[in-house]
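Visitor: After the structure tokens below, expect a handful of questions from me.
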Amino acid sequence: MGAPGWVWGRGARRALSSGVAPGPGGLRPFEEMPRAGPNRWVNLLRLWSRGGFQDFHRRMEGGFQRLGPVYRDRVGSLDCVNVLLPRDAAQLLWAEGPFPRRMGIAAWSAHRSLRAHRCGLFLLTGMGIAAWSAHRSLRAHRCGLFLLNGPAWRSDRLALNRAVLSPAGARKFLPLLDSVARDFAESLRGRVRGTPGGALTIDPHPLLFRFTLEASSYALYGERLGLLGGAAAGGAQRFLGALEEMLRTTLPLLFLPPPLLRLHPPLWQRHLRAWDTIFQHADENIQRIYREFCRGGPGGGPGGVPGGVLAELLLQGQLPLPSIKANVTEFTAGGVDTTAIPLLFTLFELGRNPGVQRALREELRAAGGVSGGARPLPELLGALPLLKAAIKETLRLYPVGITVQRYPATDVVLHNYRVPAGTLCQVALYAMGRCPDVFPHPERYDPRRWLGKDDTTFKALAFGFGARQCIGRRLAEAEMLLFLAHVLSNFTIEAVSTEDVPTVFRFILMPEKSPLLTFRTLD
């Protein structure tokens, strides 16, 4: 069982199987590419009036059904080419150039510009005090990797790859993530044992948010927040609320050009306040760690980890303080929902696919990773291919971001159309994951499809591709793997309803209503 399948029309299926008929010279010009809707502003007004932002992923699905595997879409300031097939995603990789560009978010960049702190004349003339300058650096709102482009992006990226994305860098933080996952399982185990009949039925969404905030904060700052014992503390709760508000207000602003962002003042002010709260939360943690660093170094974590990603970046000394702050703030904002939501969908799919759940538990047992195992779970991650495949399968059906974007640096041929350099192109991950011509029986939740002999090239793109793939990929994957390993080692999971969970797009893909799950201890 799985998410709803895709009923394709004959024309769309024929286009997928045989390709677009070539024009003169074997290629069709860009101007002949099919278009969705006659006018960009009419399309935007329709979305506004019908609440269509939340159905944007299904709107793209319908576009491919009507127009074939490549079409041009224009919504407000957005003018892009949408592609469906893995081979076209591969073409975008080859054409991305040395400074890959993804779609910017004008509202986020505008917030950084509005909130930037400038040094006054006293500091600019060189007569300032170092501590005052450091304060301005810590408080400045700069752009991190997500918003940067060109040489500035590349400089930050190379420094961050070593600390966060490289296998050796990510491995340092596995003990931190593992300890939070173990504590989560113990806390949930206590709740289950205290219920009549030893079965706890809950909406796990709030628990998963607290887990991912606790785990990401520990990995970033090297300090625990204490969120697993009950309700989130005031500061953490404000951060979670601000994060939800930021995502909720980003989508309506996404298709407006910068001069029109203030067209809806209440919405714009809500967006700014949400980002202010997110930056305040990050500021408090960053300044605390920075003060400790200046006094001789941050406190240590388990396994000799000096204090998380922030401490590692300070120790390396390859990035200026404002860049460290900007990127760590982006990690803070991006490390909660983007992990909690896939975990929620994974637990739901395991709950309604008990055979897959049993197979994963058998793999854990064979690797020695169930409760009481002789080897710590972080050492076993390389021996759990089916568990890794389960995460890929979840992200196939429920990608956090419904597209991956690139501006090709050179002209590129996408399904027989020549697309000019500099055109925004989007690989439609949600639609690809449900396309029967890409994934046989896409409605099935079948992790083993990733372990067979079928070609999976450019089909697992939930974290992006190439040099601009998600910088937090390894941390997110490890966090999810360790969480699922501890939960599967301690509990059986049952879905109260096996019906498909409707999804909505609120800048990230989310369940319209969180599913109820029942947890029972294995013993």
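Visitor: Of these, Leu377, Leu344, which one is modelled with pLDDT under 95 and of a type in the set (A, V, I, L, M, F, W, C)?
Guide: None of the other options fit; the residue is Leu377.
Visitor: Here's something else I'd like to know. May I ask you to list the residues in the stretch 169-216 that are more than 22 Å from the chain's Cα centre (by Cα), outside any helix (DSSP H, G or I) and not β-branched (Val, Ile, Thr)?
Guide: Of everything in the stretch 169-216, those that are more than 22 Å from the chain's Cα centre (by Cα), outside any helix (DSSP H, G or I) and not β-branched (Val, Ile, Thr) turn out to be Gly194, Ala199, Leu200.
Visitor: Going residue by residue through the stretch 426-443, is there one that turns out to be surrounded by 15 or more Cβ atoms within 10 Å (Cβ to Cβ) and farther than 30 Å from Glu32 by Cβ?
Guide: Yes, that holds for at least one residue.
Visitor: Cβ contacts < 8 Å: first residue touching a residue at least 12 places away in the same chain (Cβ under 8 Å), restricted to the stretch 93-117; second residue of a type in the set (Val, Ile, Thr) and assigned to a helix (DSSP H, G or I), any location; separation 6+ or different chain. Result?
Guide: Matching pairs, first to second residue: Ile105/Thr250; Ala107/Thr249; Ala107/Thr250; Trp108/Thr250.
Visitor: Is there a residue in the stretch 473-489 that is touching a residue at least 24 places away in the same chain (Cβ under 8 Å), charged (D, E, K, R) and buried (at least 22 other Cβ atoms within 10 Å of the Cβ)? Full working, then the answer.
Guide: Step one: filter the stretch 473-489 for residues touching a residue at least 24 places away in the same chain (Cβ under 8 Å), giving 473-489.
Remaining after also requiring charged (D, E, K, R): 473-474, 477, 479.
The next check asks that each one be buried (at least 22 other Cβ atoms within 10 Å of the Cβ); those that pass are 479.
Yes, that holds for at least one residue.
Visitor: Go through (1) of a type in the set (A, V, I, L, M); (2) at pLDDT below 90; (3) surrounded by 15 or more Cβ atoms within 10 Å (Cβ to Cβ); (4) not in a loop (DSSP other than H, G, I, E, B) one by one and return the number of the condition Met103 breaks.
Guide: (4)
Visitor: Another question about this same structure. For the stretch 327-334, indicate whether the set of residues that are in contact with a strand residue (DSSP E or B) (Cβ under 8 Å, 6 or more places away or on another chain), surrounded by fewer than 23 Cβ atoms within 10 Å (Cβ to Cβ) and closer than 28 Å to Phe507 by Cα is non-empty.
Guide: Of the residues in the stretch 327-334, the ones in contact with a strand residue (DSSP E or B) (Cβ under 8 Å, 6 or more places away or on another chain) are none.
No, the conditions are met nowhere in the stretch 327-334.
Visitor: Which one of these does Arg520 not meet: (1) of a type in the set (Lys, Arg); (2) closer than 22 Å to Asn353 by Cα; (3) without any contact (Cβ under 8 Å) to a residue 60 or more places away in the chain?
Guide: That leaves (3) as the condition not met.
Visitor: Among (1) surrounded by fewer than 20 Cβ atoms within 10 Å (Cβ to Cβ); (2) within 20 Å of Ser216 (Cα to Cα); (3) without any contact (Cβ under 8 Å) to a residue 24 or more places away in the chain; (4) of a type outside the set (Phe, Trp, Tyr), where does Thr277 come up short?
Guide: All conditions pass for Thr277, except number (3).
Visitor: Then there's this: Of the residues in the stretch 164-193, how many are at pLDDT 90 or above and over 15 Å from Leu220 (Cβ atoms)?
Guide: Of the residues in that region, 14 qualify.
Visitor: Continuing with the same structure: If I ask for residues that are more than 21 Å from Ala333 (Cβ to Cβ) and polar (S, T, N, Q), which ones from the stretch 192-231 would you list?
Guide: Thr195, Thr201
Visitor: Report, ordered by the first and then the second residue, all pairs with beta carbons closer than 8 Å, sequence separation of six or more or different chains, a first member in the stretch 183-208 that is in contact (Cβ under 8 Å) with a residue 60 or more places away in the chain, and a second member that is hydrophobic (A, V, I, L, M, F, W, C) and in a loop (DSSP other than H, G, I, E, B).
Guide: The qualifying pairs are Phe184/Leu228; Thr201/Val496; Thr201/Leu516; Ile202/Leu516; Asp203/Leu516.
The values are calculated or read from the model by the stated rules, or taken from the named source; none is laboratory data. Quantities reported herein were computed from a predicted structural model and do not represent experimental measurements. Note that we place each Cβ from the backbone using ideal geometry, even for glycine, and neighbour counts take in every protein chain shown.
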